[in-house]
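Remarks on the structure that follows.
Every number here is computed from the coordinates shown, using simple stated rules; none is lab data. What you see is a predicted model, and the numbers here were worked out from it, not measured in a lab. Ideal geometry is used to build each Cβ from the backbone, glycine not excepted, and the neighbour counts take in all protein chains shown.
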Amino acid sequence: MRIVVGVTGGSGSVIALRFLQSLKGGHEVHLIVSEHARLVARAELDLDAREFERYAEYVYDDRDVAARVSSGSFIFDALVIVPCSISTLSKIAAGISDTLITRAAAVALKERRKLVLVPRETPLSTLTLRNMLSLSEMGAVILPAMPGYYTRPKSVEDMVDFVVSRILDQIGGVVNSLIQRWGGYGPGGLHG
Ligand SMILES: Cc1cc2nc3c(=O)[nH]c(=O)nc-3n(C[C@H](O)[C@H](O)[C@H](O)COP(=O)(O)O)c2cc1C
């Protein structure tokens, strides 16, 4: 599958990194990292954002709104924005396409392609909730970076894998075993 990945300046650089690592080898990845995502990656992981690029076949500058992913004629299977800052989410909801990431999202919406947004913010304002509803009504998947606890995570990595697994489930094309899936109570189940 051809996947476009946008990384923006919400908290959760580690989720973006793990997601990109999970795609490596199985998909053609086109990557766009926003300027603020670079700052957050430095703050959270001491990571040079070029590390993200190791896991992508193609890399674009977020300021380059003429790059090929800005056109509806560039076919892709899914656009995942992870993490998706509330700023970027709100711009997409309002139809603002002033960066390559927001432009690619506008294309995904108009072409009815899979668009998965992974916001990380709490609490959520009424405006953000409205924007999320509006995006969901337009066909986007709002997938907050919210791990489940029923898997009894032992580490931050386990919690990150939970979120990454849910993103991979959304884009399809690959069955992932990053987490143990819920199998009900009792024998054969997760804690049976
Ligand atoms: C350390 C740090 C953490 C941040 N965490 C969040 C966050 O969790 N969610 C969010 O929406 N914005 C967060 N921000 C703010 C965004 O980075 C900011 O709104 C930025 O303008 C987003 O730009 P972008 O969407 O173009 O990447 C954070 C900023 C910094 C410096």
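Name the residue from T126, L115, V65 whose Cα lies farthest towards the positive end of the charge dipole of the range 41-192, charges +1 on Cβ of Lys and Arg and -1 on Cβ of Asp and Glu. About the Cα centre, the residue reaching furthest to the positive side is T126. Normalised by the number of residues in the chain, the mean separation of alpha-carbon contacts (under 8 Å, six or more apart) gives a relative contact order of 20 percent. Over the range 32-93, Cα pairs under 8 Å with separation of 6+ residues give a relative contact order of 28 percent. Largest first, the three principal axis extents of the alpha carbons in the chain are 55, 37, 32 Å in whole numbers. Protection proxy ranking, highest mean first, for peptides 158-168, 107-117: 158-168, 107-117, where packing is the per-residue count of other beta-carbon atoms within 10 Å, averaged.
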